[in-house]
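One structure, as structure tokens, below. Some questions next.
The values are calculated or read from the model by the stated rules, or taken from the named source; none is laboratory data. Keep in mind the model is a prediction, meaning the values are calculated, not measured. Cβ placement follows ideal geometry from the backbone for every residue including glycine, while neighbour counts extend to all protein chains displayed. These accessible areas exclude ligands, DNA and RNA; they are computed on the full protein's heavy atoms, side chains included. Shrake-Rupley method; radii C 1.70, N 1.55, O 1.52, S 1.80 Å.
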Amino acid sequence: MRALWPGGRQPAGVTVKLNVYDLDSPGNEFLSALGLGLYHTGVEVDGREYSYGAGYGIGDARPRSAAQNPGVARFRGSYVMGQAESLQALGRAVDELRGRFPASAYDLVQRNCNHFTDALVFALCGRHTPGWVNRA
């Protein structure tokens, strides 16, 4: 796990991690080697992973469970993004984002899991996810 906050010191609060998965799609292994891969992401906080997808909208599951779907995704890595103030702040952020990320609004290019995780990490930590995660 890599720490991605400035100065290397971990602030107080609840740890927020970005879990990144390689999508198992034709050519993605080659694209990933060039730094142009296709990824699925989820935000892990306090033993739950929050993600966004077509058909279900915002949901939560056991961390890294997306990698348990053979032929869909492989776990790439977990990146500490910072600290959330509290679990209550997480609940408020997720509730607020439900209005912006309904299941019916999912779009592979313009409103996908990576857009959601960026918005959630920003709401919790005041910073964006790494640019290489979503080039859409």
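Starting from residues that are under 21 Å from residue 88 (Cβ atoms) and open to solvent by 80 Å² or more (accessible area, probe 1.4 Å), keep the ones in the stretch 1-15 and report whichever is modelled with the lowest pLDDT.
10
What number goes with the only condition from (1) open to solvent by 20 Å² or more (accessible area, probe 1.4 Å); (2) under 23 Å from residue 38 (Cβ atoms); (3) of a type outside the set (Phe, Trp, Tyr) that residue 96 does not pass?
Checking residue 96 against (1) open to solvent by 20 Å² or more (accessible area, probe 1.4 Å); (2) under 23 Å from residue 38 (Cβ atoms); (3) of a type outside the set (Phe, Trp, Tyr), the one that fails is (2).
To continue, here is another question. Could you please tell me which pairs satisfy a Cβ distance under 9 Å, a separation of 6+ or placement on different chains, a first residue in the stretch 110-136 that is farther than 14 Å from residue 84 by Cα and touching a residue at least 60 places away in the same chain (Cβ under 8 Å), and a second residue that is part of a loop (DSSP other than H, G, I, E, B) and among the small types (Gly, Ala, Ser)?
Sorted first by the residue in the stretch 110-136, then by its partner, the pairs are 112/54; 112/136; 114/136; 115/136; 132/35; 132/37.
Sticking with this structure for a sec: Among the listed residues 97, 31, 18, which satisfies the condition of being modelled with pLDDT of 90 or more, hydrophobic (A, V, I, L, M, F, W, C) and assigned to a helix (DSSP H, G or I)?
Exactly one of 97, 31, 18 is modelled with pLDDT of 90 or more, hydrophobic (A, V, I, L, M, F, W, C) and assigned to a helix (DSSP H, G or I), namely 97.
Of all residues in the stretch 75-93 being farther than 16 Å from residue 49 by Cβ and out of contact with any Cys (no Cβ under 9 Å at 6 or more places or on another chain), which is surrounded by the fewest Cβ atoms within 10 Å (Cβ to Cβ)?
Filtering the stretch 75-93 for residues that are farther than 16 Å from residue 49 by Cβ and out of contact with any Cys (no Cβ under 9 Å at 6 or more places or on another chain), the one surrounded by the fewest Cβ atoms within 10 Å (Cβ to Cβ) comes out as 88.
Hey, can you tell me all the residues within the stretch 40-74 that are part of a strand (DSSP E or B) and open to solvent by 70 Å² or more (accessible area, probe 1.4 Å)?
Answer for the stretch 40-74, where residues must be part of a strand (DSSP E or B) and open to solvent by 70 Å² or more (accessible area, probe 1.4 Å): 48, 60, 74.
For the stretch 108-136, which residues satisfy the criterion of being in contact with a helix residue (DSSP H, G or I) (Cβ under 6 Å, 6 or more places away or on another chain) and either part of a loop (DSSP other than H, G, I, E, B) or among the polar types (S, T, N, Q) (or both)?
Across the stretch 108-136, the qualifying residues are 114, 128, 129, 134.
Identify all residues within the stretch 51-87 that are among the hydroxyl-bearing types (Ser, Thr, Tyr) and touching a Gly at 6+ places or on another chain (Cβ under 6 Å); write none if there are none.
51
List pairs: first residue in the stretch 80-95 and farther than 15 Å from residue 17 by Cβ, second residue modelled with pLDDT of 95 or more and among the aromatic types (Phe, Trp, Tyr) anywhere in the structure, Cβ distance under 8 angstrom, at least six positions apart or on different chains.
These pairs meet every condition: 94/50.
For the stretch 99-136: of the residues being within 13 Å of residue 58 (Cβ to Cβ) and of a type in the set (Ser, Thr, Tyr), which is most open to solvent (accessible area, probe 1.4 Å)?
Only one residue fits best here, namely 104.
Just checking, how many residues over the stretch 39-64 are hydroxyl-bearing (Ser, Thr, Tyr) and in contact with an Asp or Glu (Cβ under 7 Å, 6 or more places away or on another chain)?
Adding up the residues that qualify gives 2.
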